[in-house]
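Only one structure is covered here, and it is reproduced in the block below.
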Amino acid sequence: MLRLGEKGAIPQRDNETYAIAPHIPCGMLTPELLRRVADVAEKYQVKAVKITGATRLAIIGLKEQDIDGVWQDLKLDKGAAVGLCIRSIRACPGNTYCKLGQQDALGVGLKMDAAYHGKQLPGKFKMAVSGCHLSCAESWVRDIGLIGRKDGWALVIGGNVGANPRIAQEAADKLTDEGAMAAVENVIAFYAKEAQKGERLGKMIDRIGIEPFKAALA
């Protein structure tokens with residue numbers, strides 16, 4: 001059996017086939033990429049192609065011997081789907097496309113993805129960027145979330161979903177795009193330095209409080 005993460009292959013329920021989740025920054029697709037995925041699905045007779053919660057495309061039901069060929073045909077990087085690292089950044093359409101968007105969620109999200117996707121950290125780490133208070137990218141339940149407002153970005157930290165879901169806490173507001181990127185960098189750096197192995201950011205806040213994170217933003 002292939003090792004998890006070695007080839008981006010995730011064992012499936014049947015214990016015979018695998019899924020892969022190529023990296024698609026902020027879920028932005030092109031017609032050419034969609035055709036490539038469709039060609040791969042037909043060529044390797046996959047069982048399903050599923051849009052994931054992280055806005056990737058999971059290609060499901062691959063035979064072990066086909067995985068190298070699939071990656072070659074897709075011409076895509078592997079998505080950070082497992083392990084103690086920063087996963088794919090979620091982003092809504094923001095003010096690029098959505099009439100409700102207050103800030104450029106796609107632009108900032110793509111910059112964050114380029115800077116941080118796959119970065120190794122003490123624990124699993126998820127981030128999201130929402131262009132308005134409706135938080136369609138679910139920024140309130142991510143380790144780091146940005147939420148667009150008329151006067152800039154709000155930074156929220158410590159949220160997560162799962163067995164013990166929690167809502168993030170606001171750590172800063174009225175941030176410019178550059179200020180938001182700097183704040184994200186500071187939170188990640190503080191977490192990387194101070195977190196215990198396997199500790200999610202929310203659990204770290206439970207342990208030490210939110211004030212040290214706010215101090216790191218000053």
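The values are calculated or read from the model by the stated rules, or taken from the named source; none is laboratory data. What you see is a predicted model; the values in this text were computed from it and never measured. With ideal geometry, Cβ positions are generated from the backbone for all residues, glycine too; neighbour counts draw on all protein chains shown.
Numbers at a glance
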read-out: Odd one out for Asp68, checked against (1) in a loop (DSSP other than H, G, I, E, B); (2) in contact (Cβ under 8 Å) with a residue 60 or more places away in the chain; value: (1)
read-out: Number of the exception - Gly69 against (1) of a type outside the set (A, V, I, L, M); (2) over 13 Å from the mean Cα position of the chain (by Cα); (3) surrounded by 20 or more Cβ atoms within 10 Å (Cβ to Cβ); (4) outside the structural domain of Arg142 (by TED's automatic domain parsing); value: (3)
read-out: Any hit, segment 41-55, residues being in contact (Cβ under 8 Å) with a residue 12 or more places away in the chain, touching a Lys or Arg at 6+ places or on another chain (Cβ under 7 Å) and not assigned by TED's automatic domain parsing to the domain that holds Met127; value: yes
read-out: Residue in segment 142-161 that is under 15 Å from the mean Cα position of the chain (by Cα), surrounded by fewer than 24 Cβ atoms within 10 Å (Cβ to Cβ) and without any contact (Cβ under 8 Å) to a residue 24 or more places away in the chain present; value: yes
read-out: When residues of segment 180-218 are limited to those that are of a type outside the set (A, V, I, L, M) and in contact with a strand residue (DSSP E or B) (Cβ under 7 Å, 6 or more places away or on another chain), the one farthest from Lys119 (Cα to Cα); value: Lys214
read-out: Residue within segment 111-128 that is among the hydroxyl-bearing types (Ser, Thr, Tyr) and either closer than 24 Å to Lys197 by Cβ or not assigned by TED's automatic domain parsing to the domain that holds Ile210 (or both) present; value: yes
